[in-house]
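Student: Got a structure for you, written out below as structure tokens; questions coming shortly.
The values are calculated or read from the model by the stated rules, or taken from the named source; none is laboratory data. Note that the coordinates shown come from a computational prediction; the quantities given were computed from them, not determined experimentally. Heads up, the Cβs are rebuilt from the backbone with ideal geometry, glycines too, and the neighbour counts pull from every protein chain shown.
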Amino acid sequence: MSATAPITQDVMTLPRKLPDGPTNLVGLTRDAMRDLLIESGTPEKQARMRVGQIWTWIYQWGVRDFDQMTNLAKSYRAQLAERFVIEIPEVVSKQLSADGTRKYLVRIAGGHEVEVVYIPEEDRGTLCISSQVGCTLTCSFCHTGTQKLVRNLTAGEIIGQVMMARDDLGEWPTPGAPKDETRLLSNIVLMGMGEPLYNFENVRDAMKIAMDPEGIQLSRRRITLSTSGVVPEIARTAEEIGCQLAVSFHATTDEVRNQLVPINKRWNIAELLEALRSYPKVSNSERITFEYVMLKGVNDTDEDARRLIDLIDGIPAKINLIPFNEWPGAPYTRSSNNRIRAFADIIYKAGYASPIRTPRGEDIMAACGQLKSATERARKSRRQIESEAGL
């Protein structure tokens, strides 16, 4: 397989056209929006300007009603309202953790649901978004992996999660008001449900909207895409998105990683590391984050820590150590705090940052690896979950 060949799954992504006819503008690229405006009667010479105006109203000001787009003629606003809508995913429920973490269950077209998590911290506010309904990777430590893949999210459904969170946080600025650089939602991580690189085009288009200087205006350095290791798409991510990259690594031998992250059977550790070595240079990223979930007696020995150091030699990196977040029927347990600290110390002494992630939102099942749509979770008994986990 070519290193640059697109890797996609044969998974349906719903079209933008709604059942009653109007087309949703959310998630369209600028060029696609321009083509639709021309098709619907906008003079070609005006189309690019109109795209800029509409784009700013949607993504900078958060406006969903064409009537509020006051720099457009009233007749043109009516014309837009006849042909288009501005729709984002519907919030079904919101849970608030004791630590301030917010977990949203949102409904998308077809009645499917995904989870989105907002994590407030002193110096940032991070939104963890989903790219697929369910997941196909079946990583054995991940609760999301026990929910079968249904379909890819559209670009509109992906960027719509960001817009939904800004709604809830009350963060859309007021048109004409002085610019406020304070951001409650300052960072995006593609670490929710699904494998982003199995839905590359929609993820790319959504993140370009997030980074657009006339819209949500997030720096590419504030967007992190997490992959389990879809090797042929890694170079393309650097070239077409250029965001920060995180890798769900979790093991230092192919034997163990095959069990924890089954995609390793297709692209093993050596192939993955070869692709990662060129990523920071291509995308101008500072360093790659290696995510490493700490599983008692599985991948947490001193020997694992030393092997990890040898494996990533020469790659600008930090190691994000994640205490395992347990879920009903999980086949693993969390490494002890002492074991995690000893592991981190070995990595730190080798010259790598090795922060231990503080679990957030555990009381509402919003922590890393715990996401799963509530309807799917409710349909399964504990015995079914344990059976699927191989217990």
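Student: Taking the stated definitions as given, is residue 53 of a type outside the set (Lys, Arg) and over 24 Å from residue 165 (Cβ atoms)?
Tutor: yes
Student: Okay, moving on. Any residue at all in the range 25-38 that is within 23 Å of residue 172 (Cα to Cα), of a type in the set (Gly, Ala, Ser) and surrounded by 18 or more Cβ atoms within 10 Å (Cβ to Cβ)?
Tutor: yes
Student: Against the conditions (1) part of a loop (DSSP other than H, G, I, E, B); (2) exposed (fewer than 14 other Cβ atoms within 10 Å of the Cβ); (3) not β-branched (Val, Ile, Thr), where does residue 338 fall short? Just the number, please.
Tutor: Tallying (1) part of a loop (DSSP other than H, G, I, E, B); (2) exposed (fewer than 14 other Cβ atoms within 10 Å of the Cβ); (3) not β-branched (Val, Ile, Thr), residue 338 fails exactly one: (1).
Student: Among the residues of the range 55-71, count how many are surrounded by fewer than 18 Cβ atoms within 10 Å (Cβ to Cβ) and of a type in the set (Ser, Thr, Tyr).
Tutor: Qualifying residue count, the range 55-71: 2.
Student: Looking at the range 340-356, can you tell me whether even one residue there is among the basic types (Lys, Arg) and in contact (Cβ under 8 Å) with a residue 24 or more places away in the chain?
Tutor: no
Student: Mind counting the residues in the range 185-203 that are modelled with pLDDT of 95 or more and in a loop (DSSP other than H, G, I, E, B)?
Tutor: Going through the range 185-203 one residue at a time, the tally reaches 3.
Student: Looking at 214, 239, 233, which one is assigned by TED's automatic domain parsing to the domain that holds residue 343, among the acidic types (Asp, Glu) and either without any contact (Cβ under 8 Å) to a residue 12 or more places away in the chain or buried (at least 22 other Cβ atoms within 10 Å of the Cβ) (or both)?
Tutor: On inspection, the qualifying residue turns out to be 233.
Student: Hey, another quick one. Tell me whether the range 90-100 contains one or more residues that are buried (at least 23 other Cβ atoms within 10 Å of the Cβ) and either assigned by TED's automatic domain parsing to the domain that holds residue 263 or not in a strand (DSSP E or B) (or both).
Tutor: Checked against the condition, which is being buried (at least 23 other Cβ atoms within 10 Å of the Cβ) and either assigned by TED's automatic domain parsing to the domain that holds residue 263 or not in a strand (DSSP E or B) (or both), the range 90-100 yields no hits at all.
Student: Just to check your reading of the model, which residue among 125, 134, 160 is surrounded by fewer than 24 Cβ atoms within 10 Å (Cβ to Cβ), in contact with a Ser or Thr (Cβ under 9 Å, 6 or more places away or on another chain) and modelled with pLDDT of 95 or more?
Tutor: Every option except 125 fails the conditions.
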